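One structure is given below, encoded as structure tokens.
The values are calculated or read from the model by the stated rules, or taken from the named source; none is laboratory data. Because the structure is predicted, anything quoted here is derived from the model rather than measured. Virtual Cβ from ideal backbone geometry, glycine too; neighbours counted across all protein chains shown. We work out accessible area using only protein heavy atoms, side chains counted, and drop any ligands, DNA or RNA first. Shrake-Rupley method; radii C 1.70, N 1.55, O 1.52, S 1.80 Å.
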Amino acid sequence: MNSKSEGIGVNIGELTAPVVRLLYDYLLAADHVIARERFDNLLEPGSQSVAEMTAGEESNIEVRLALDTSEFVGKFEFKAFVHFLSHLLTTLTKVQEQGDGIPMREERRGQRYVVTVPAALEFEGQLNVMMLGFDLRAPRELVVELLFFEPGQFREVSRIT
């Protein structure tokens, strides 16, 4: 899947591997205190700048990170976040290793994508589902979205994964 944002060509399918690595390094491999601080910042509205990536020969894209917990059921805290993020990154890595490509859905208005690989986990007795999204609507900016979806629609998936 290709997308253009202000003349910058980005292959959405090829973004997943470096984004998985970035999320791992930025949130899971970081010192616990730093990771906790980054998590707390993600709870604030909006997105935070986390990196810059090259997009072709002439320009860079600012990589921002956002977290949407609006459909999370239960108490959302750092421990739960780490479990869901770890599961999501592991699942995405396995899908990438299979070599069949990353399944994605593009929002109707374009420039926004969701990787349709759910990280469905039952944590402390409650099912929740995290997925990865990419938002390319702003010029020279990629917002990596960690999105929670209403868990009821994934009950069958959670029994499989």
query: Is it the case that some residue within region 147-158 is in a strand (DSSP E or B), at pLDDT 95 or above and either exposed (fewer than 13 other Cβ atoms within 10 Å of the Cβ) or touching a helix residue (DSSP H, G or I) at 6+ places or on another chain (Cβ under 9 Å) (or both)?
result: yes
query: Which pairs do you get when a residue that is free of Cβ contacts under 8 Å to residues at least 12 places away in the same chain and open to solvent by less than 60 Å² (accessible area, probe 1.4 Å), found in region 87-103, comes within reach of a residue that is of a type in the set (Val, Ile, Thr) and in a helix (DSSP H, G or I), reach meaning Cβ atoms under 8 angstrom, with the pair 6+ apart or on two chains?
result: none
message: Let me confirm something: among VAL82, VAL144, VAL129, VAL117, which residue is aliphatic (A, V, I, L, M), within 11 Å of the chain's Cα centre (by Cα) and within 25 Å of ASP40 (Cβ to Cβ)?
response: VAL144
- prompt: When region 118-146 is examined, which residues are found to be open to solvent by 40 Å² or more (accessible area, probe 1.4 Å), within 19 Å of PHE78 (Cβ to Cβ) and either among the small types (Gly, Ala, Ser) or not in a strand (DSSP E or B) (or both)?
  reply: GLU124, GLY125
